[in-house]
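Asks: I have a structure I would like to understand better, so I am pasting it below and will then ask my questions one at a time.
The values are calculated or read from the model by the stated rules, or taken from the named source; none is laboratory data. Only a predicted model underlies this, so the values are computations on that prediction, with no experimental measurement involved. Positions of Cβ are backbone-derived with ideal geometry, glycine not excepted, and every protein chain shown enters the neighbour counts.
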Amino acid sequence: MNPEKEIINLRNEIHKHTHLYYVEDAPVISDYEFDILLKKLVDFENKFPNFFDTNSPTQRVGGKVSKSFQSIEHDFPMYSLDNSYSKEDLENFHNRVLKKILNKDLNYLCELKFDGVSINLTYENGIFVRAVTRGDGIKGDDVTENVKTIKTIPLKLKGNFPLKFQIRGEIFIGLNDFEKMNKERAQNGLEPYMNPRNTASGSLKLQDSAIVAKRPLQCFLYQVISDNSKTQIDNLNFAKNWGFNISNTYKLCDNINEVFQFINNWDKERNNLNFEIDGVVVKVNQINYQKILGFTSKYPRWAIAYKFKTMQAQTTLKSVSYQIGRTGAVTPVANLDPVLLGGTIVKRASLHNQDQINKLNLHLNDRVIIEKGGEIIPKIVDVEVSKRNLNSEKIIFINNCPNCLSYLQKNESEAHHYCPNAFSCPPQITGRIQHFISRKAMDINGIGNETIELMFKNNLISNYADLYSLKKEDLLSLERMAEKSVENIFQGLNNSKKIPFQRVLFALGIRYVGQTVSKNLANEYKSIDNLISKTYDELIMVDEIGERIAKSVVDFFNDSENILNIEKLKNVGLQFETNTVVLDSKIFDNKTFVVSGVFDNYSRNELKKTIELNGGKNLSSISSKTSYLLAGDKMGPSKLKKAQDLGIQIISELDFITMLKV
Ligand code: AMP
Ligand code: ZN
């Protein structure tokens, strides 16, 4: 077959599977098989660079850096929507429409009003060519390179699409992805992002598209700009057939009462969505009626947004408490009189930092307005100053750590204060040990966060190294600790000795050294001793290691207490070198592997390469000839079952690493 044809076929295959996975949520091949296709395409494209195409699926990973975004005038202005807040407003809208459209067949298409960033996409001959932000409605920014990384946006269309057209939609971040991002940030000692919408719009404006590619951006499309069709609902259905991601929440309503029902229903149901909406958009369905109605200077006369009220409640501020995280960061928390908000009882609200408290000018016993956005914890947005008691006390941010009384410090570039007493401030000590045992770090089964606190209170441990010198009698003396649980703890500690160096490094809890940074450092320096010997100047040369991380690493190893802990952990046998993977051996001669799922320490490709380097062979599907199924997370259940049925040996990533150690 000629290479051009092969490349085109591969691209089409991959476009198809991306769509099935991200838009339809119904993949037909495994991640592994997908990777193989992509790898094949990358190889071909490298070999035949003259067939380069900016819309190849290989370009989704980003890499182009834009110093500034070109301003582009919209072919059709991006209007805003007229707003309504009550049934009366909506009835007025309906009456205005009826004045011009007397026909009985008038109906409305009701859609959700997705709360993200609007985007205008241009397609020519079925190929994605441009993405422009709304900007001021007349001109927006060209963010094509960044948008190309969003998997729910097709780079190539299927079916019977118009030769040239534009389509509009909303780019957003799902709530569970958002939560995950913030958890990771917290783990790395970074401030959380405020809300999904700002994070989505900030992501679109990043200069490096490779970083955008790592953000979990999604897109719903809701408006085809084309003259060819008769109704809005047809447009959505057509767009869906061309491969666009259309939320299936829309509904055709024959009269205004059905519109009200749709609104009432989603006002209740919106808490159950995995993305944020701020209302409903009601659109005249027939395009010829839309044309009769036309536009004002600001918005279409054929559509209106019904805005949900943000969920708010009023309550009394009882006190402010201050929590200290494992990195010493101080988070003020408002304790409130319990109040019902959006279906849950709220007792606490986050106050973020000192600036936030000052901005609100909070006083004790203030009547405060709390609001729930996409965040899990509600926030205080306003104070009813008129209801304040004259002699109530102003909330003054603390100067000293409530746990160890150390004087708090603050870096100018950061918003939060922190307690500098890393080694004897109780919540920092327990926080670090809790991080050490967590799933993505040492993954010590059998010990929970409460157990750590209990052990600490009973003076059994004062750092993570102490975990390995715990005695059976000590543990049995703890409240509610049974023989079986103690066994599990020792088992868990023992298993953790297999955890590879990069995760041990992450577990140490060096500020700003998250999973990715740990991996980079481990790959670069191979052993802890080597890493400890590096200077600030050497460290900043490593991939993705900036000044802040380099300084934090140097500070960490300059502390004798940290060095002592590391020595202790070395002595009990934790992995402090990356020599776990043997290269170039024959230990897997005549062995065949199927690698499937997602792994904690290595990518699937790294694992496959290691298998080959050690004489083994990779297969894409399981048969009776398979020696091992190397199983990660999220593996397809059918694969697992097949392996079990055939009696294939199923091994974990850690088993695999252990096999390689000779
Ligand atoms: P506003 O920003 O309040 O003027 O509302 C207009 C914006 O709502 C548009 O620019 C879109 O970004 C957004 N929007 C979200 N969902 C929809 C939808 N289903 N139809 C039209 N616009 C929508
Ligand atoms: Zn403290």
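Asks: Scan the range 519-530 and give yes if some residue there is within 25 Å of the chain's Cα centre (by Cα) and among the aromatic types (Phe, Trp, Tyr), otherwise no.
Replies: No, there is no match, as no residue in the range 519-530 is within 25 Å of the chain's Cα centre (by Cα) and among the aromatic types (Phe, Trp, Tyr).
Asks: Test Ile433 against the criterion of being within 30 Å of Phe576 (Cα to Cα) and at pLDDT 95 or above, and give yes or no.
Replies: Considered against the rule, which asks whether it is within 30 Å of Phe576 (Cα to Cα) and at pLDDT 95 or above, Ile433 comes out as yes.
Asks: For a quick check of your reading: which helices (runs of 4 or more DSSP H) sit entirely within the range 131-245 and have at least 1 residues that are within 17 Å of Asp115 (Cα to Cα)?
Replies: Filter on the range 131-245 gives 175-187, 196-204.
Asks: Write out, first by first residue and then by second, each pair whose Cβ atoms fall under 6 Å of each other, whose residues are 6+ apart or on separate chains, and whose first residue, in the range 52-69, is under 15 Å from Lys214 (Cα atoms) while the second is surrounded by fewer than 18 Cβ atoms within 10 Å (Cβ to Cβ).
Replies: Within 6 Å, the pairs are Thr58/Val42; Gly62/Ala210; Gly63/Ala210; Val65/Gln207; Val65/Asp208.
Asks: Hey, among Val346, Val339, Val330, which residue is in contact with a Phe, Trp or Tyr (Cβ under 6 Å, 6 or more places away or on another chain), assigned to a strand (DSSP E or B) and surrounded by 14 or more Cβ atoms within 10 Å (Cβ to Cβ)?
Replies: Val330
Asks: Does the range 416-426 contain any residue that is surrounded by 21 or more Cβ atoms within 10 Å (Cβ to Cβ), within 28 Å of the chain's Cα centre (by Cα), within 23 Å of Glu184 (Cα to Cα) and of a type in the set (Ser, Thr, Tyr)?
Replies: Yes: one or more hits.
Asks: Of these, Leu236, Leu252, Leu204, which one is within 16 Å of ligand 1 (Cβ to nearest atom), out of contact with any Phe, Trp or Tyr (no Cβ under 8 Å at 6 or more places or on another chain) and assigned by TED's automatic domain parsing to the domain that holds Thr152?
Replies: Checking each option against the conditions leaves just Leu204.
Asks: Here's something else I'd like to know. Out of the residues in the range 377-426 that are touching an Asp or Glu at 6+ places or on another chain (Cβ under 7 Å) and of a type outside the set (Gly, Ala, Ser), which is nearest to ligand 2 (Cβ to nearest atom)?
Replies: Among those that are touching an Asp or Glu at 6+ places or on another chain (Cβ under 7 Å) and of a type outside the set (Gly, Ala, Ser), it is Phe423.
Asks: Of the residues Glu393, Glu371, Glu450, which is touching a Leu at 6+ places or on another chain (Cβ under 7 Å) and among the charged types (D, E, K, R)?
Replies: Glu393
Asks: Working only within the range 468-509, note down all residues that are more than 13 Å from Leu654 (Cβ to Cβ), basic (Lys, Arg) and either assigned to a helix (DSSP H, G or I) or in the same structural domain as Arg326 (by TED's automatic domain parsing) (or both).
Replies: Once the filter is applied, which keeps residues that are more than 13 Å from Leu654 (Cβ to Cβ), basic (Lys, Arg) and either assigned to a helix (DSSP H, G or I) or in the same structural domain as Arg326 (by TED's automatic domain parsing) (or both), the range 468-509 yields Lys472, Lys484.
Asks: If you don't mind, there's one more thing I want to ask. Condition first: within 24 Å of Ser596 (Cα to Cα) and either among the charged types (D, E, K, R) or surrounded by fewer than 16 Cβ atoms within 10 Å (Cβ to Cβ) (or both). Can you find one or more residues in the range 42-53 that meet it?
Replies: Within the range 42-53, one or more residues are within 24 Å of Ser596 (Cα to Cα) and either among the charged types (D, E, K, R) or surrounded by fewer than 16 Cβ atoms within 10 Å (Cβ to Cβ) (or both).
Asks: Please find, among Ile433, Ile447, the residue that is buried (at least 16 other Cβ atoms within 10 Å of the Cβ) and assigned to a helix (DSSP H, G or I).
Replies: Going through Ile433, Ile447 in turn, just one is buried (at least 16 other Cβ atoms within 10 Å of the Cβ) and assigned to a helix (DSSP H, G or I): Ile433.
Asks: Does Asp555 satisfy being without any contact (Cβ under 8 Å) to a residue 60 or more places away in the chain, in a helix (DSSP H, G or I) and more than 28 Å from the chain's Cα centre (by Cα)?
Replies: yes
Asks: Being farther than 27 Å from Asp355 by Cβ and in contact with a Leu (Cβ under 9 Å, 6 or more places away or on another chain): is that true of Ile461 here?
Replies: Answer is yes for this residue.
Asks: Does Ile398 satisfy the condition of being modelled with pLDDT of 90 or more, more than 16 Å from ligand 1 (Cβ to nearest atom) and outside any loop (DSSP other than H, G, I, E, B)?
Replies: When the stated conditions are applied, Ile398 does not pass them.
Asks: Let me ask something else. Given (1) at pLDDT below 95; (2) within 27 Å of Phe656 (Cβ to Cβ), where does Ile566 come up short, assuming only one miss?
Replies: Failed condition: (1).
Asks: Just checking: which of the strands (runs of 3 or more DSSP E) contained wholly in the range 45-126 hold 3 or more residues that are away from ligand 1 (no atom under 16 Å from the Cβ) and within 37 Å of the chain's Cα centre (by Cα)?
Replies: The strands (runs of 3 or more DSSP E) meeting that bar are 71-73, 117-124.
Asks: Scanning for something more than 31 Å from the chain's Cα centre (by Cα) and either within 30 Å of Ile563 (Cβ to Cβ) or assigned to a strand (DSSP E or B) (or both), does the range 371-382 turn up at least one residue?
Replies: no
Asks: Here is a further query. Can you pull out every residue in the range 1-19 that is assigned to a helix (DSSP H, G or I) and surrounded by fewer than 15 Cβ atoms within 10 Å (Cβ to Cβ)?
Replies: If the condition is that a residue be assigned to a helix (DSSP H, G or I) and surrounded by fewer than 15 Cβ atoms within 10 Å (Cβ to Cβ), then Pro3, Glu4, Lys5, Ile8, Asn9, Asn12 are the ones that fit.
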